[in-house]
Amino acid sequence: MKITVVGRQMNVRESMKALVEKKLSKFDKFFADTAEATVKFSRVREQDRLEITILSDGTIFRCEKESATFENALDDCVDTIVRQIRKNKTRLERRLRTGAFAPENFASGADTAEDDNALIRQKTFRIKPMTPDEAILQMNLLGHNFFVFRDSTNETTCVVYRRNDGGYGLLVPEP
């Protein structure tokens with residue numbers, strides 16, 4: 001797995017980079033060598049924040065934690081990602097090993113900030129055809145409240161979202 005360590009307005013110690021590589025080596029049994037992990041370190045209001053994003057065959061695993069130390073946040077993030085993998089093990093088992101999602105279908109989420117109030121943040125990504133069930137799985141792995149995807153049955157752009165009652169909704173455009 002390729003690991004990229006980024007420090008936001010700070011320098012990351014070599015010992016911390018080595019610890020990150022050691023902890024993330026635990027995921028080698030789940031992912032192919034083409035998997036990419038991005039680890040971002042930052043400090044917010046005297047709390048250490050760690051964000052780990054793993055992209056493997058188009059499936060994204062993400063965790064963001066704040067803690068008193070980066071070591072605690074790293075342990076929490078690793079545990080959370082392991083729970084995500086185990087929770088969705090039966091569905092993911094086929095995809096992680098067979099490469100049902102192609103990594104070239106996802107561009108890295110490029111964030112851009114504008115100086116006006118109109119646009120705060122922009123992300124760019126490619127939309128891959130999938131079923132609503134796969135979209136719900138991907139939304140849950142990302143920890144988001146909605147997910148945009150192209151329906152594989154009718155090739156329309158749709159949105160799945162988490163409802164307040166705990167269920168899921170699907171937005172389909174009219175033909």
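Some notes on this structure:
- The fraction of Cα-Cα pairs per 5 angstrom bin, counted from 0 for region 25-93, comes to 3, 17, 27, 24, 14, 9, 4, 1 percent, rounded to whole percents.
- Arranged from fewest to most other beta-carbon atoms within 10 Å of their beta carbon, ILE120, ILE136 become ILE120, ILE136.
- Its Cα gyration tensor gives region 127-175 an equivalent ellipsoid, and the semi-axes of that ellipsoid, as √(5λ) in whole Å with the largest first, are 18, 12, 8.
- Under Karplus coefficients 6.51, -1.76 and 1.60, residue-wise ³J(HN,Hα) of region 140-153 in Hz, glycine/proline x: 5, 5, 7, x, 9, 8, 8, 8, 9, 8, 9, 5, 6, 7
- Sequence of VAL6, VAL78 once ranked by neighbouring C-beta atoms within 10 Å, starting from the fewest: VAL6, VAL78
Each reported figure results from applying straightforward, stated rules to the coordinates on display, with no laboratory input. Please read these numbers as outputs of a predicted model, since none were measured by experiment. Note that we place each Cβ from the backbone using ideal geometry, even for glycine, and neighbour counts take in every protein chain shown.
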